[in-house]
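The next block holds one structure in the form of structure tokens; read it before the comments.
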Amino acid sequence: KVDHREKKEFELLQFPNNRIHTSKYNVLTFLPINLFEQFQRVANAYFLFLLILQLIPEISSLSWFTTIVPLVLVLTITAVKDATDDYFRHKSDNQVNNRLSEVLINGRLQSEKWMNVMAGDIIKLENNQFVAADLLLLSSSEPHGLCYIETAELDGETNLKVRHALPVTSELGTDISRLAKFDGVVACEPPNNKLDKFTGDLSWKDNKYPLNNEKIILRGCVLRNTSWCFGMVIFAGPDTKLMQNSGKTKFKRTSIDRLMNTLVLWIFGFLVCMGIILAIGNSIWEHQVGDYFRAFLFQDEVVKNSIFSGFLTFWSYIIILNTVVPISLYVSVEVIRLGHSYFINWDRKMYYSKKETLAEARTTTLNEELGQIEYVFSDKTGTLTQNIMTFNKCSINGKTYGKLFSPLKKIFPLLFSYNKFQFYDHSLVESIKLGDPKVHEFFRLLALCHTVMPEEKNEGKLIYQVQSPDEGALVTAARNFGFIFKSRTPETITVEEMGKVVTYQLLAFLDFNNIRKRMSVIGTNDTFEFGGEGLRTLAIAYRDLNEEYFKEWFKLLEEANREFDKRDECIAAAYEEIEKDMMLLGATAIEDKLQDGVIETIASLSLANIKIWVLTGDKQETAMNIGYSCNMLTDDMNEVFIISGHSAAEVWEELKKAKEILFGRSTGFTNGYAFCEKLQELKRGSTVEESVTGDYALIINGHSLGHALEANLQSEFLEIACICKTVICCRVTPLQKAQVVELVKEYRKAVTLAIGDGANDISMIKSAHIGVGISGQEGMQAVLASDYSFAQFRYLQRLLLVHGRWSYFRMCKFLCYFFYKNFAFTLVHFWFGFFCGFSAQTVYDQWFITLFNIVYTSLPILAMGIFDQDVSEQNSMDYPNLYRPGQLNLLFNKSKFFICIAHGVYTSFALFFIPYGVFYNLAGEDGKHIADYQSFAVTIATSLVIVVSVQIALDTSYWTVINHVFIWGSVATYFSILFTMHSDGIFDVFPNQFPFVGNARHSLTQKNIWLVILLTTVVSVMPVIAFRFIKVDLYPTLSDQIRQLQKVQDKARPLKSHRRQPRRTSSRRSGYAFAHQEGYGELITSGKNMRVKNLHPTSGLGKTMYNSTSWIENLCKKTTDTVNSFSLDRTVKL
Amino acid sequence: MERNSNDVPGLLSRMPDNTAFKQQRLPAWRSHLTAWAVLPGFFTTGAFFLGMGILLILSAKSVKEIEITYTSMCSNCAKLRENASNFYKECTCSVPFFIPEKMPGNVYMYYKLHNFYQNLRRYTISRNNRQLLGEDITNVENCAPFQRDSNGIPIAPCGAIANSMFNDTILLSYYPHSSTRINVPLLSSGITWWTDKHIKFQNPRSNNLPSAFTGTTKPPYWRKPVYQLDPENPENNGFLNNDFIVWMRVAALPTFKKLYRRIHRTGPFANGLPAGNYSFDIAYNFPVTVFKGEKGVVLSTVTWSGGSNLFLGIAYLTTGAVIWLAAFSMTAVHLKMKKRNIVSES
């Protein structure tokens, strides 16, 4: 590792300034760089190659403009798109670079643009300001050089984080002169993208101070609750962790893209084959016929050798036939996808008005994959749930208060003045008014035992700074019932109890941790000593302690704190000592509110055969409860497998059991060594799934998942998981989320979608085929990493079933038609080759070849690709089964491609041989000779335009005004351009470029030419109609049936919504929250986060402990007991 | 966050417009292949095609056409022409034939070439339209390999197409009796497209055609320079020569016929060609046997659909028949399906 040293005023030159560039080009570099990038695309390079071929006169069978016009057009469109994108990047760069911050220059604070900030500068930040660069925190307005930051833009977490300055630097305070003289040297690791790690040290005044992440404020953070702070810039501009993280995102491709690339390669192969056939034909022809013919026609023949002639012909034909892979294919696909993306952005039904959040297609190239999703991986918190906790029920002294809100029975909620708090039970208020001591005790405890920080705003408004929302919900509930938590100091808690202000002495604070799963506050007021234990959100218990006992225990605790090697164990023992013999007061139930429409969405997606896996960092109970509340788990499931083994062997055992249940004992469980074959089987797409009937669910824990994801178990895990209707992975790390997605992606060959809202979902969002970010609530990180974003989980239904389905449907139709069209267009040259001595003579006019794909036929197909709908959006939502064809890849696959190609070949055959038969012995109505090459060309070209227009008309199932305009307009354009190019005027100016003068006029006035066109059209199109009609009649797809139905509906009445409401089957289940984060206890008791000067440090109170197991088990039992007695009537298998 | 969106929906700036276009609700007609549209459509189209096929066949049959291939009949001339050294030797050949039925109305005379590839790419591009416009007769660009002669003098008209011009002269004689012979009057006018004659081809502007072509030389395979193509009609010379214009309109396929003359409807031929004995008197100049080609003359009348063209009629008839066949089978399938559906529904 190379350390890089930086110091104010020294070696500044090698550090970048704070200017950031996300833009790719500037005015000068745009053209070369953009062109270079574009020609890196195989297709563009290929066309450049063709262009070069066309410049060789010996083989140039087409004028250079036939290639260069479309190529320039395609390059221009792409360049314009890139330029616009870059313009916006420039704009946002400028906006960011020109933000102002206060920099200490020459001993004075001066406003300076962000881009001029250098490493080593000292910056003053004020509350709610964005941090300009990665800073070493020097001092702040808060005591001990503390400051709070919000890292939402960095990692998506909205809870505040604390940063401490080094004590030595925090003394500097706001003293500008001392700060200006600050000349510490920071030695640190080179710039990297690890957001949660920093190592380095500060050398100042002959002392060395270690630095870690706690001392660093990163660019992109926002300063909160701190009126000012000073920091020294460590990394600026591109070196900042934010910029280091905004690396190049992996370019995602859709399966259609990959298929398209394969097909294009095949077509290249086909092209080469045709070229070879024609070249051989040319050699033979030259040998048999041309030799004699040549003597007659040409004086001095360059090409005497028939083999060499064949070689040249090969290249000539490659040029002519290149239109089977049209340049416009890729650009058309992009245009269509862009159109679909706009439709997503414009969709009012995916617009969340409460937060004014639009759905946004952030990646415009993946739309059709939305119609092929098989697996959805969803985060829980913030995605399925709102991450809003509401105090919904409680049980005090055996009596239960509060009812679940049910849509059937309308209960008028109690409305409280604060925060729109709703509670549906009046009896609780009655009990409080009556002064039930147990009830009072209950709420007093809620108001005391927590880590909430109150903040009094100017108008006496009390705002709670909460670390976890469930805690906030409890304190707010207590407040609403008259026990208002007012303020706290390190030693006291002030609560207003039914109007009476009481101050409690805080004696000890036993912070929450994940192992004990409880938190205690030991306090006292004038009248009685008081000990309480709050098993947060679940059970509330208390214990009265006498003073001697407490003192004794406190001594024990202090001893434990002094212990060096076994401190944690001792503290745990001490905690265990006091947290016993508690009086159970009651329990609370905090509902983790589901987002709107989650149940319906999940039901509908399940009907669409989309499997939804929930991957959450939450604990198992919470995850399961959410599973029940959104009907992913139901009571009538055959079996819910819970995998929670701690070792690989246990997990193996559990999986084996699950498998036995699934398949019966007959199917043996493969041992770990035979897994390779198993994986192969899985890759091939196992059919075992069908043999298993019944609904199963799989719930797996993070640590078990770790084992299950190991190479020798993953196939088994995947197999079982894929059979299960519901899979819930809880306590998973972000990395595991991504691993699960990768596993399914790799072995199921299925299209996956990951949806989440937090920073912990980023890895999964990035690794899934499609990543969806929930926008509008937490930070932006998930959204920034995502391909699509919207505000509510329920919009997923519309995104997939409507937009995705349509996109897929349209794209498939587009591709089918596009390949068909170009084969029909191009292969005519192939047939003609046999009648023109394989001389690479084109059938059409060169201008026609140039314009066919980009003018005559481009718009109708784009209109179809953008606007077509087979069934209405309402029906797409109502019949989720319509989504199946996309998952099974039915609308465009290799066999479909061959059908399209065959169709194209057939059409080209008809297009060539019908005119051929007629022209063989043709004379005009006036006896004049019309069997000339030019008339032949015009006849076939006109037939082609009409045939492909009729074909697109047949393919278009949704005829909007735009389709009409484009289809009729294209045919009209063709004729007007035809007559223009065959006009006298243009011939007079460019006689060599437009030699077709008068042709349209003469041949298109001949009746038999029109008879040829009509015959060709009917022969090309009628079989298609017949085939489709028979298919719809004999084997109607669901889409066909619904279209039929739609026709009837349209006739009968305007479309009425007949949406089915999925019912919640188990109303008793509800998503109750369990907290799972370590608390703020240490900060509170240490008083560090309070502006009180006199404090004596009590250290180590909130330390975690790991190895006391007996009481954990006790607690677990206690927990489940309480839960069972309270809200659940089923035993949850733990 | 607590903003109430229902209050003033108009004020929400970010809300997408509620237009039919943006919401994909454009009024549209949904196409659907219903039996009611497809089956009658098939029957009608089939009927139309059958009718049209019969009509086309009948009218093709009504066309009187006689084709005489004279390469083998004039084998001595053909032999002679195989040797390039006999280039300037005259060779004539008389081909007698019999017209069994009267050819009424306008009768057209075509020459027909077999196996002559006028559609070779290098052949078709070997011309210069600017030169043929008479503006710049020394412009021989694109005319390779017939741009200039060995002295470097530009060729007019340049290029392979012009060089290979069909140069047989064919005269038609009628024998009302075995002893009398009447030359059938032939018109060389009106055999070109109007646009070719008036726009595409122009003589260089000059009072005297030969002087207009000074500085150029004749194509190597030609006997006479371009301004002497028609010795009888001085108007029919230079680039405006009708035979030249017809030749320059290259044929699409290797077997083709080009209009050579029209029968002038005067005297005994006012109503067309009467039945009887005829002969072609051919000045055999154009060598075809070297490339295994053949030459012929075609006499033909025309109808509304052009000349005799059985292919179109047969194609229409076949297509019509196939469409009807398809229509019947589709109807059968449809009725069967309907029955089955009714059964399954009940």
Please state which of the following conditions A:Pro915 fails to meet, knowing it meets all the rest: (1) at the interface with another protein chain (Cβ under 7 Å from one of its Cβ atoms); (2) buried (at least 24 other Cβ atoms within 10 Å of the Cβ); (3) assigned to a helix (DSSP H, G or I). (1)
Within segment B:113-130, can you find the residues that are within 19 Å of B:Asn241 (Cβ to Cβ), within 9 Å of another protein chain (Cβ to nearest Cβ) and not in a loop (DSSP other than H, G, I, E, B)? B:Asn129, B:Arg130
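Condition test on A:Thr22, is it modelled with pLDDT of 80 or more, farther than 30 Å from B:Ala144 by Cβ and surrounded by fewer than 17 Cβ atoms within 10 Å (Cβ to Cβ)?
Numbers: modelled with pLDDT of 80 or more: no; farther than 30 Å from B:Ala144 by Cβ: yes; surrounded by fewer than 17 Cβ atoms within 10 Å (Cβ to Cβ): yes.
Considered against the rule, which asks whether it is modelled with pLDDT of 80 or more, farther than 30 Å from B:Ala144 by Cβ and surrounded by fewer than 17 Cβ atoms within 10 Å (Cβ to Cβ), A:Thr22 comes out as no.
When segment A:854-889 is examined, which residues are found to be of a type in the set (S, T, N, Q) and either over 14 Å from A:Asp1040 (Cα atoms) or in a helix (DSSP H, G or I) (or both)? Reasoning before the result, please.
The initial filter retains those residues of segment A:854-889 that are of a type in the set (S, T, N, Q), namely A:857-858, A:869, A:872, A:874-876, A:881, A:887, A:889.
The answer is A:Thr857, A:Ser858, A:Gln874, A:Asn875, A:Ser876, A:Asn881, A:Gln887, A:Asn889.
Which one of B:Ile282, B:Ile245, B:Ile263 is at pLDDT 90 or above, within 13 Å of another protein chain (Cβ to nearest Cβ) and more than 18 Å from B:Pro157 (Cβ to Cβ)? Spell out how you get there, then give the answer.
Values: B:Ile282 fails: within 13 Å of another protein chain (Cβ to nearest Cβ); B:Ile245 fails: more than 18 Å from B:Pro157 (Cβ to Cβ).
Unique residue meeting the criteria: B:Ile263.
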What's the number of the condition B:Val38 fails, among (1) part of a loop (DSSP other than H, G, I, E, B); (2) within 7 Å of another protein chain (Cβ to nearest Cβ)? (1)
Just one of A:Ser949, A:Ser876, A:Ser943, A:Ser935 is within 13 Å of chain B (Cβ to nearest Cβ) and over 30 Å from B:Gly105 (Cβ atoms); which is it? A:Ser876
Tally the residues that are part of a helix (DSSP H, G or I) and either more than 24 Å from the chain's Cα centre (by Cα) or outside the structural domain of A:Leu655 (by the TED database) (or both), restricting the search to segment A:707-722. 8
Conditions: (1) surrounded by fewer than 19 Cβ atoms within 10 Å (Cβ to Cβ); (2) touching a His at 6+ places or on another chain (Cβ under 8 Å). B:Val246 meets all but one. Number of the miss? (1)
Check off (1) farther than 30 Å from B:Val95 by Cβ; (2) surrounded by fewer than 16 Cβ atoms within 10 Å (Cβ to Cβ) for B:Glu232 and give me the number that stays unchecked. (1)
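Give A:Thr1037, A:Thr1005, A:Thr960 a once-over and let me know the one that is more than 9 Å from chain B (Cβ to nearest Cβ), polar (S, T, N, Q) and within 43 Å of the chain's Cα centre (by Cα).
A:Thr1037
Looking only at segment B:131-167, count how many residues are of a type outside the set (A, V, I, L, M) and part of a strand (DSSP E or B). I'd like the intermediate steps shown before the answer.
Of the residues in segment B:131-167, the ones of a type outside the set (A, V, I, L, M) are B:131, B:134-136, B:138-139, B:141-143, B:145-152, B:154, B:157-159, B:163-164, B:166-167.
After this cut, where a residue has to be part of a strand (DSSP E or B) as well, the list is B:148, B:154.
Within segment B:131-167, residues that are of a type outside the set (A, V, I, L, M) and part of a strand (DSSP E or B) number 2.
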Taking B:Pro16 and the conditions (1) more than 7 Å from chain A (Cβ to nearest Cβ); (2) surrounded by 14 or more Cβ atoms within 10 Å (Cβ to Cβ); (3) at pLDDT below 90, which numbered condition does it fall short on, given that it satisfies the others? (1)
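For segment A:740-764, how many residues are in a helix (DSSP H, G or I), modelled with pLDDT of 85 or more and within 16 Å of the chain's Cα centre (by Cα)?
Of the residues in segment A:740-764, the ones in a helix (DSSP H, G or I) are A:740-748, A:759-764.
Still in the list and also modelled with pLDDT of 85 or more: A:740-748, A:764.
Adding the requirement that they be within 16 Å of the chain's Cα centre (by Cα) leaves A:740-742, A:745, A:764.
The total comes to 5.
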For the list (1) within 11 Å of chain B (Cβ to nearest Cβ); (2) touching a residue at least 60 places away in the same chain (Cβ under 8 Å), I need the number of the one condition that A:Leu329 fails. (1)
Just the residues that are surrounded by fewer than 16 Cβ atoms within 10 Å (Cβ to Cβ), part of a strand (DSSP E or B) and either touching a Ser or Thr at 6+ places or on another chain (Cβ under 8 Å) or not assigned by the TED database to the domain that holds A:Ile176 (or both), please, taken from segment A:92-112. A:Leu100, A:Ser111
May I ask you to list the residues in segment A:805-818 that are buried (at least 24 other Cβ atoms within 10 Å of the Cβ) and touching a His at 6+ places or on another chain (Cβ under 9 Å)? A:Trp806, A:Ser807, A:Arg810, A:Met811
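Taking the condition part of a loop (DSSP other than H, G, I, E, B) and at pLDDT below 90, does B:Ser85 pass?
On the way: part of a loop (DSSP other than H, G, I, E, B): no; at pLDDT below 90: yes.
Taking the combined requirement at face value, the residue does not satisfy it.
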Filtered residue count, segment B:170-205, keeping only those that are surrounded by 15 or more Cβ atoms within 10 Å (Cβ to Cβ) and hydroxyl-bearing (Ser, Thr, Tyr): 6
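Please work out which residue is nearest to the other protein chains (Cβ to nearest Cβ), limiting yourself to segment B:185-200 and to residues that are part of a loop (DSSP other than H, G, I, E, B) and more than 24 Å from B:Val288 (Cβ to Cβ). Break it down into steps so the answer makes sense when it comes.
First, pick out the residues of segment B:185-200 that are part of a loop (DSSP other than H, G, I, E, B): B:185, B:188-193.
Within this subset, residues satisfying the condition of being more than 24 Å from B:Val288 (Cβ to Cβ) are B:185, B:189-190, B:193.
Details: B:Pro185: 16, B:Ser189: 12, B:Gly190: 8, B:Trp193: 5 Å.
Among residues in segment B:185-200 that are part of a loop (DSSP other than H, G, I, E, B) and more than 24 Å from B:Val288 (Cβ to Cβ), the one nearest to the other protein chains (Cβ to nearest Cβ) is B:Trp193.
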Considering B:Asn203, B:Asn207, which residue is within 25 Å of the chain's Cα centre (by Cα), farther than 10 Å from B:Pro157 by Cα and either part of a loop (DSSP other than H, G, I, E, B) or polar (S, T, N, Q) (or both)? B:Asn203
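Give the residue that is surrounded by the most Cβ atoms within 10 Å (Cβ to Cβ), with candidates limited to residues of segment A:493-515 that are out of contact with any Asp or Glu (no Cβ under 8 Å at 6 or more places or on another chain), closer than 22 Å to A:Leu556 by Cα and modelled with pLDDT of 60 or more.
From segment A:493-515, those out of contact with any Asp or Glu (no Cβ under 8 Å at 6 or more places or on another chain) are A:493-501, A:503-504, A:507-509, A:515; that's our starting set.
Okay, now just the ones that are also closer than 22 Å to A:Leu556 by Cα, so A:507-509, A:515.
Cutting the leftovers down to modelled with pLDDT of 60 or more gives us A:507-509.
Values: A:Leu507: 20, A:Ala508: 19, A:Phe509: 24.
Per the stated criteria, the residue is A:Phe509.
The values are calculated or read from the model by the stated rules, or taken from the named source; none is laboratory data. Since this is a predicted model, take the numbers as computed values, not measurements. Every residue, glycine among them, receives a Cβ derived from its backbone with ideal geometry; neighbour counts consider all protein chains shown.
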